[in-house]
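Enquirer: Submitted below is the structure of interest, expressed as structure tokens.
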Amino acid sequence: MKLITISFLSKLLILQYISVQCLSAQNFDFFYFIQQWPGAYCDSKQSCCFPKTGKPTTNFTIYGLRPNTNDNSSPSNCDTKSVFDKSKISDLIKNLEKNWPSLSCPSNDGIKLWSHEWMKHGTCSESELTQHNYFQTALKLKQKLNLLQILKNAGIEPNDKFYNVGDFLDAIQQATGFLPGIECNRDSTHNSQLLNVYMCVEVSGSNFIECPGVPMGTCGAKIQFAKF
């Protein structure tokens, strides 16, 4: 009788574990699509290293496509068995090198970055996107949302000048119909600089939506749009 009870409890625990794993992989309400301004990233204490392909073009780069929930929790590392496989995205590599480069040191080819993003964030979207579709979706969103052109159209240039934080928010909201979130960093002289721009995307990864909560980092009233 005791053996039967133990066996039953063991099976119950296994079923509960599988259930939790499935929920963690599927239970999200939207994506944060995040673009980063490399001029600000490189103008910080950690500095930066250009990828092996050379200095990226003067444009925003992809920082992440991250599942999130309406209560502002971020599932992560949802499927440790779903490892990153470069061969699954071989047709996207050139595009990723251009639009989702790694600026961390030492100089590298981006594989470590993409592997990290897939394992930590991409695996939590597997109910909607395959590994290939995850990276392809991020690239399509980047193409759809030309932040640099939007800001230039509003007279905001990456020229080391300072602009009101509201100028950035208004320009992007007027162009997209949705209020973005922004994060800033501090350079060596403590200037507040535009670093990351957050937009929300529905779970299929196709369309931008209004954010349930807009991330707002520690930005000053005026922020610098750093040269790159």
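The values are calculated or read from the model by the stated rules, or taken from the named source; none is laboratory data. Computed from a predicted structure; not experimentally measured. Please note: Cβ atoms are built from the backbone with ideal geometry, for glycine as well, and neighbour counts cover all protein chains shown. When the accessible area is computed, the model is the full protein with side chains, heavy atoms only, and any ligands, DNA or RNA have been set aside. Shrake-Rupley method; radii C 1.70, N 1.55, O 1.52, S 1.80 Å.
Enquirer: Roughly how many Å² is the accessible area per residue of the chain, as a whole number, for a 1.4 Å probe?
Expert: Averaged over the residues of the chain, the accessible area is 52 Å².
Enquirer: Something else: For the chain, which whole percent of the accessible surface, found with a 1.4 angstrom probe, sits on carbon and sulfur atoms?
Expert: About 54 percent, which is the carbon plus sulfur part of the accessible surface.
Enquirer: Can I ask one more? So which residue, out of Ser125, Ser87, Ser74, gets the largest mean-square fluctuation from a GNM of the chain using Cα contacts under 10 Å as springs?
Expert: Ser87
Enquirer: Also: Does the stretch 102-228 classify as rounded, prolate or oblate by the C-alpha gyration tensor (a ≥ b ≥ c root eigenvalues; a/c under 1.5 gives rounded; else a/b over b/c gives prolate, otherwise oblate)?
Expert: Oblate, because a/c is 1.5 or more while a/b does not exceed b/c.
Enquirer: What is the stretch 78-127 by shape, rounded, prolate or oblate, if you read a ≥ b ≥ c off the alpha carbon gyration tensor as root eigenvalues and call it rounded for a/c under 1.5, prolate for a/b larger than b/c, and oblate otherwise?
Expert: Taking the square roots of the gyration eigenvalues as a ≥ b ≥ c, the stretch 78-127 is prolate.
Enquirer: Let me ask you something else. Expressed in nm to one decimal, what extension gain is obtained for the pair Ser104 and Ser44 from 0.36 nm per residue of sequence separation less their Cα-Cα distance?
Expert: 20.4 nm
Enquirer: Let me ask you something else. In degrees, nearest 10, range 0 to 90: what is the angle between the Cα axis of helix 165-176 and the longest Cα principal axis of the chain?
Expert: 70
Enquirer: Another question, if that's okay. Provide the net charge surrounding Pro51, with neighbours chosen by a C-beta distance below 13 Å and charges set as Lys +1, Arg +1, Asp -1, Glu -1.
Expert: Computed value for this residue: +3.
Enquirer: Is the chain best put as rounded, prolate or oblate by its Cα gyration tensor, with a ≥ b ≥ c the root eigenvalues, rounded for a/c under 1.5, and otherwise prolate when a/b is larger than b/c, oblate when not?
Expert: prolate
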